[in-house]
Protein chains: 2
Amino acid sequence: MWDRVAIVGVGLIGGSIGMGLRSRGLARTIVGIGRNEQRLQLAKDRGAVSWWTGDLGQGVAEADLIVVCTPVAHIVEHVRQASRDCPAHALITDAGSTKATICRTLAARWEGGGHFVGSHPMAGSEKSGAQSAEPDLFEGCITVVTPTAETREEHVEAVSGFWQSLGARVVRTSPEDHDRAVAAVSHLPHLVASALAAAASPDDLLLAAGGWRDTTRVASADAALWQQIFTDNRASVLQSLDKFEKVLSQWRRALEENQATDLVRLLEAGKRNRDSVGN
Amino acid sequence: MWDRVAIVGVGLIGGSIGMGLRSRGLARTIVGIGRNEQRLQLAKDRGAVSWWTGDLGQGVAEADLIVVCTPVAHIVEHVRQASRDCPAHALITDAGSTKATICRTLAARWEGGGHFVGSHPMAGSEKSGAQSAEPDLFEGCITVVTPTAETREEHVEAVSGFWQSLGARVVRTSPEDHDRAVAAVSHLPHLVASALAAAASPDDLLLAAGGWRDTTRVASADAALWQQIFTDNRASVLQSLDKFEKVLSQWRRALEENQATDLVRLLEAGKRNRDSVGN
């Protein structure tokens, strides 16, 4: 039970955190912080926050927990602002899709109060905004918590407990391991889904069925948010792209040379990995 | 209302056709035809067929409508067998994922009775078997009907009416246009989903979340069935792969040169196409 939680950025993730805390009775007061009054009011109307403010310093002043849910390119700046005005005991975390730049930059120079531990709840890829928020968004959702050598164990545990209280399954890795892994299982799939969608002509799309819709679904996500993610994690994404293109060139050869057994072998390799994850 | 419908191959598609006919009261008798007695009995237990036989000639002898739902590489042979023993008025169609080879081979030499019109219901990509069949599988499902110059209009309409009676939305194209379009919106996505799944390492898969699961879902489909589809349609698939790899190389360049505006432009192109199709 938190006395006061401040959420910076009340879109899909921030809004769902507020609604999840509220519906589980986990916070006495939830403060929404943002720049856009309409979006903040929408979050309040949906029950995600108790009250809201456009003033970050005021919003975090008495907060025990601060969750920064703004786009990747703004997280460092918002965490630093929060640390300037929050109580000394406050726990600060974020929900950014990349971790190395954010955690290393903050660890290299930490001036204010509070204690930062990086997080990445892997939820909600193609929708956005508080209108899509739901209290159970994090139920069963993998959430990565990424301490550095500077992070104290008690703070890692407190942040892990916070996500678990919303139903998340917490995985702990270094910021760098996180970025390498999500390049493979999140950023590359996003890139590929987008390229696949872009490569289809309007005439072809008349026949787009369930397979196309599943494979390209994440391409509907916000372009500006994802540009920041790709820019931040581009080295790891390029490495994953190399690996993917190697498999693709095996496919090309099998098709060009009409090698049925190679096609079966390729299809079975994909099926094995896919089946290992489940529905 | 059909007096007798014969279904050759009672897996996901054949089983769902039988269950759909039954639940809508569209056929007096439904005959299941196949080689595997266990699978045939499962189809009967699920209510997909009235009775079954391993003898194709016996199964189609009094059928008004014959639907061949076997793997792509066997469809021509099964349609030919059916046409030898079916009544002269019988309508024959199939459910194969490729159409040019099947329709052109059959049109070039048609000896038996009955009238063939090719079909492709675009449903059920990653599951298989009568255990996954459902009576409403074709509800809202795009089904392509592919007449050739030799096909009579009344037969095209009868086959279209059959799929519509199961809830499908029928689209009519030539077999060649069908194969080009599905290469882009079904076969290439399948290839890419499989390559993406294969390119992930077991360690990365610990972080596989909703985006990865959506993007790779179809890679769980039966490898042998899909090898036949790729082999049959490899020329069109290679053309679609060319187009996809062009987009991929633009992504590579934007990442290597750290061009944020190019990344946004690429993401927006994918989003535009994806959003045009809907959920």
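Annotations for the structure displayed:
- Furthest towards positive pole of dipole, B:Thr105, B:Val60, B:Ala88, structure part the stretch B:21-114, Cβ charges: B:Thr105
- Relative contact order computed over the stretch B:13-109 (Cα-Cα under 8 Å; 6+ residues apart), in percent: 24 percent
- Listed residues B:Pro202, B:Asn36, B:Ala149: farthest to the positive end of the dipole of chain B (Cβ charges): B:Pro202
- In the full protein context, the stretch A:195-279 carries 42 Å² of accessible surface per residue, based on a 1.4 Å probe and ignoring ligands, DNA and RNA.
- Label distances, nm, A:Ser276 versus same residue in remaining copies, Cβ-directed 7 Å point: 3.8
- For the stretch B:43-90, the relative contact order is 41 percent, taking Cα pairs closer than 8 Å that sit 6 or more residues apart in sequence and dividing their mean separation by the residue count.
- Shielding by other protein chains, B:172-185, mean Cβ within 10 Å: 4
- Take the accessible area of B alone and of A alone, subtract that of the pair with a 1.4 Å probe, and the total buried over both chains is about 7300 Å².
- Atom-type composition of the exposed protein surface of the stretch A:12-113 places 46 percent of the accessible area on carbon and sulfur (1.4 angstrom probe).
- Over 20 Å apart at the Cα level, from the set A:Lys246/B:Lys243; A:Lys243/B:Lys127; A:Lys127/B:Lys271; A:Lys99/A:Lys271; A:Lys243/A:Lys271, are A:Lys243/B:Lys127; A:Lys99/A:Lys271.
- Given +1 at the Cβ of Lys and Arg, -1 at the Cβ of Asp and Glu and no other charges, the dipole of chain B around its Cα centre is 140 debye to the nearest 20.
- For the protein assembly as shown, size of Cβ-based charge dipole, Lys and Arg +1, Asp and Glu -1, in debye: 140 debye
- Label-point distances for A:Gln41 to the equivalent site in the other copies, using a point 7 angstrom along Cα→C-beta, read 6.8 nm when ranked shortest first.
- Per residue of B:233-240, other chain Cβ atoms within 10 Å of the residue Cβ number 2 on average.
- Residues of the stretch B:94-183: accessible area per residue with a 1.4 Å probe, Å²: 40 Å²
- Each Lys and Arg Cβ is given +1 and each Asp and Glu Cβ -1; about its Cα centre, the stretch B:106-230 then shows a dipole of about 80 debye.
- Split the accessible area of the stretch A:162-279 by element, probe 1.4 Å, and carbon with sulfur accounts for 46%.
- Partner chain coverage, peptide A:32-44 - average Cβ within 10 angstrom: 0
- Each copy carries a label point for B:Gln259 at 7 Å from Cα toward Cβ; from one copy, the others' points are 3.4 nm away, ordered from shortest.
- Helix-only arithmetic for chain A: the sum of -39500 (n - 2.57) across DSSP H runs with n ≥ 4, divided by the residue total, places the mean residue ellipticity at 222 nm at -15000 deg cm²/dmol.
The values are calculated or read from the model by the stated rules, or taken from the named source; none is laboratory data. This structure is a prediction, so every number in the text was calculated from the model and none was measured. Counting neighbours? That spans all protein chains shown, and the Cβs are built from the backbone with ideal geometry, glycine included. Accessible surface is based on the protein model in full, side chains and every heavy atom, while ligands, DNA and RNA are left aside. Shrake-Rupley method; radii C 1.70, N 1.55, O 1.52, S 1.80 Å.
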